[in-house]
Each structure stands twice: as C-alpha cells, then as structure tokens.
Amino acid sequence: MDKERLAAARRIEDALSSYQEENSSLFPHIPEPSNPFAITGAQLASIAREVQAEGLTPAKEQETLLRRFEEQENLNYENHVKKLRENWPGGDISTDELQKLLSIIKTIEEAQKLLSDNPEWIKRYDDYAKKLLSNIDNSFIKNIRRRFHEFSSLRFYISATRAMKNAEKRLELDLRYRGQSVATLKATSNDIIISTKGKDENNERDFDCTIQLNNVSWKDDKAREFRKKIREGANTRNKTENNRGNEEHNVESLLLTEFSKQKSKEKPICYIQPVKIEGIRFGMPTPLKASDHKKPLKYAFEKGGGIDIFARTGKGRYSTYLTVIEVKDENKVSERPEDALKQAIQYAVFIRELLRSKSGKDWYKIFGFKGNIPEQLTIRVACAMPDDILDTSFGEQSFDIGNDKIECHYIYFKYNGEQLSDFQTSLGIENT
C-alpha cells in the first residue's frame with residue numbers, strides 16, 4: 001500500500017474511532033457494551049470509497065466521514081425500528097415496548113457471539129449426543145428404568161452429562177423431592193445403589209431427614225427407610241433464611257407434573273409435554289451461565305446453566321415446537337417477566353445453534369422428533385411465574401435468528417406454596 005493510501009486508511013480509522021468515542025451514548029437505551037446498529041465492515045468500506053472519490057482535503061474528508069458514519073448508524077437504527085414496527089401486532093408500538101424489543105435483539109446477539117467465540121462446545125455436545133443415543137438405541141436406559149419404581153413425590157432426572165458418564169457401564173440419575181436433589185442413583189447391569197453424599201445437610205435442613213446413605217443398595221432396608229421418610233413427609237419445605245431459593249425447584253417440579261399428564265381434561269395447558277429420555281425427566285445442560293439477570297451472560301464451559309423446563313408444544317408434526325421455559329417462584333419488580341424471558345432466550349439461542357451444528361440431527365432425535373430439522377426452525381421461549389405482574393406485551397412476538405425464529409410467550413399462574421392454579425398463557429393452548 002502506498003503512503004497516500006495508507007494515510008487515507010489511517011484517517012478513516014481515526015475518524016471511526018473518534019465517532020465511536022463521541023457517540024457511545026447515541027442510543028442510550030441500548031445496553032452496553034455493544035450497539036446492534038453499529039456500522040458494519042461492508043458499510044464502512046462503502047463510505048470510505050465514496051468519500052475518498054470526492055477528492056476532499058484531509059480536514060474536510062475527516063469531517064465528511066464523521067457525518068456519514070452518523071447518517072449510516074441512524075439509518076441502521078431506522079431500518080431496525082421499521083422492521084419491528086411492521087411486525088408488531090396492531091402496527092403500533094410505544095417507546096417503552098420498542099426498547100424492550102431492542103434489548104431482546106441485543107440478548108440474542110450476545111448469546112450468539114459467546115457461542116461463536118467459544119466453539120469448544122461443538123465437539124463436546126457431539127460426544128454427548130452420540131453416547132446418549134447409543135444408550136437409547138441399545139435400550140440400556142430403558143432396561144435400567146424398568147428396575148425401580150418412581151413415586152409421585154420422588155422423581156428421577158437425567159442429564160446429557162450424567163447419561164454419558166461411564167455410559168456403557170453405569171447410569172447416574174438425580175433423585176429429587178419437590179424438585180430438590182436429595183440423592184444420586186447409580187445403576188449398572190447388576191445393581192442399583194443410592195447415595196446422599198453432598199446432600200445430607202440440605203436434606204436435614206429442608207425436610208428433617210437425617211438418614212444418610214453411602215452407596216447402599218436400592219433394595220436395602222436403610223434405602224427403603226430413606227424413601228419412606230422423604231415420601232411421607234409434609235408436603236412442604238422448612239422455611240429458613242438459607243433455602244428460600246429452593247422454592248423455585250418446587251414450582252418447576254409442579255409444572256413438570258402438570259405438563260406430563262396424558263389426558264387433556266386433566267391438564268391446565270394442553271398440547272405440551274416435557275422432553276424426556278425413556279420416560280425420565282431430562283435436564284438439558286448448556287454452556288451458558290444465565291442464572292442471574294443482573295449479571296452479564298457468561299460462557300461457562302461444562303459448568304453452564306441448565307434449562308428449567310424443556311418441552312414440546314403444539315398440536316401436530318408440523319406445528320410442534322421445542323420450547324424453553326424459565327421458571328420463577330416470584331414475580332416482582334426486581335425480577336420481572338421480561339427478565340425471566342431473556343434468560344430463556346439465551347438458552348434458546350444455544351438450542352438453535354446446537355440444532356444447526358454437526359450433531360443437530362442427533363439432538364433433534366433425542367428431543368423426540370422424527371425426520372429432518374425444518375429449513376426454518378421456530379423455537380418458543382416462555383417465562384413461567386406467578387401472576388403478580390401480568391406483562392403480556394411480548395406474547396407471540398418473534399425474532400429472526402438467521403433463517404430461524406425465536407417466538408416469545410408467557411405462562412402465569414397462582415401459587416400458594418403447595419400447588420398451582422388459574423393458568424394463563426399466550427401459547428393459545430389453555431384448557432378451558
């Protein structure tokens with residue numbers, strides 16, 4: 001590159017840096033650190049070519065570049081807003097509603113960038129899928145499942161990571177009471193053992209259960225005593241300052257029980273079934289940590305957060321959608337429905353990227369579908385929480401993510417500490 005062109009390139013770079021520094025708050029309602037309307041590389045190159053062709057003096061060129069940058073970013077913003085307004089039900093949208101939508105766009109882009117910047121998950125989840133499918137196809141999980149009884153108050157959970165741990169020799173399941181982990185079940189072809197290691201303190205604190213199990217047989221008298229103590233205890237959790245957060249587990253378990261019912265007349269919401277593995281509740285892990293809406297989303301490798309409830313919703317083969325549900329036991333100003341919805345969206349972005357990865361077909365099968373993944377995939381997200389704040393503004397609103405879509409919903413209900421009632425949802429499948 002000759003000196004003149006190099007000098008011109010540096011002036012463009014300086015102008016862009018100066019513009020970004022001076023206009024970092026041009027759209028103050030957009031969360032930092034980045035702006036989804038920022039000038040793209042292609043737009044920058046086009047502007048630079050146009051300005052350089054005008055043969056301006058260096059000072060005039062700098063001034064013109066700054067003005068064109070601002071014009072282009074404003075145009076980007078106007079195009080985004082125009083598209084959002086066109087897609088908005090009723091054709092009109094308030095400034096507050098618009099800001100919510102722009103924030104959701106930012107949420108999607110942040111999650112995509114984290115997954116793109118940390119591609120290690122692609123091979124790891126490919127391995128998960130292969131080993132999990134192997135255990136499904138060879139009936140290992142099904143055969144293990146037949147060897148023990150599940151009680152209505154005690155439920156077994158399986159996760160992708162547990163399912164592949166020593167996959168060909170042992171299956172680990174999480175035993176939960178009211179949604180809270182109380183023991184680990186380890187099953188082999190010859191035996192089933194149960195352990196409360198790492199859970200004894202919480203079991204005593206929350207359920208007054210002092211029985212400790214150290215890898216004893218499922219059929220052992222002490223194991224039977226433990227199951228009876230937990231199963232026949234009061235249908236509540238001891239309330240202490242240290243276990244308030246565990247109430248969410250109970251709401252999640254109650255929702256799973258309702259959604260798992262087979263007869264439509266018994267279900268508060270029809271056409272919804274949790275994703276399960278051989279009839280066992282399935283905890284879908286992700287590499288993202290989105291458990292606290294007040295903190296930035298993080299990439300957490302194997303220690304990422306799990307989806308609260310992963311389900312299929314809809315009425316048939318071509319109108320059944322994977323649905324990511326974020327559960328809360330409270331609905332308050334400090335953690336509103338839109339905050340819970342964003343957490344669900346972050347996990348849904350991962351599910352979308354997973355299904356578009358090399359192991360996508362395997363995961364689609366694991367999630368309970370037959371055939372090929374649709375060319376245009378719609379993934380639903382929903383917040384599920386008490387009805388204290390009835391925010392319905394985002395119901396059925398959809399957002400593009402490549403050629404696919406994320407469709408937003410809500411599920412509200414009343415919760416008295418023991419049971420759920422009076423459901424309301426934008427999924428359009430309430431049992432009336």
Worksheet, complete the sentence: residue 292: passes all of (1) modelled with pLDDT of 90 or more; (2) surrounded by fewer than 14 Cβ atoms within 10 Å (Cβ to Cβ); (3) within 30 Å of residue 108 (Cβ to Cβ); (4) of a type outside the set (Ser, Thr, Tyr) but (1)
Practice prompt. Look through the range 318-353, keep the residues that are in contact with a Pro (Cβ under 9 Å, 6 or more places away or on another chain) and over 17 Å from residue 413 (Cα atoms), and return whichever of them is modelled with the lowest pLDDT.
Written response: 318
Discussion item. Quick check on my filter: what residues within the range 365-396 are touching a His at 6+ places or on another chain (Cβ under 9 Å) and either within 21 Å of residue 291 (Cα to Cα) or crowded, with 20+ Cβ neighbours inside 10 Å (or both)?
Written reply: 380, 381, 382, 383, 394
Fill in: Answer residue from the range 367-399, given it is closer than 20 Å to residue 335 by Cα and acidic (Asp, Glu) and is farthest from the chain's Cα centre (by Cα) among those
388
Worksheet entry | Subset of the range 335-350 (residues that are over 16 Å from residue 248 (Cα atoms) and surrounded by fewer than 18 Cβ atoms within 10 Å (Cβ to Cβ)) | none
Worksheet, complete the sentence: For the range 386-405, pairs from a residue that is within 20 Å of residue 251 (Cβ to Cβ) to a residue that is of a type in the set (Asp, Glu) and modelled with pLDDT of 85 or more, with Cβ under 8 Å and 6 or more apart or across chains, are 386/329; 386/330; 387/422; 388/330; 391/338
Discussion item. Against the condition over 14 Å from the mean Cα position of the chain (by Cα), in the same structural domain as residue 396 (by TED's automatic domain parsing) and of a type in the set (A, V, I, L, M, F, W, C), how does residue 272 come out, does it pass?
Written reply: yes
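The values are calculated or read from the model by the stated rules, or taken from the named source; none is laboratory data. Since the model is a prediction, treat every value here as computed from it, not as a measurement. A quick note on method: Cβ atoms are made from the backbone with ideal geometry, for glycine too, and the neighbour counts reach across all protein chains shown.
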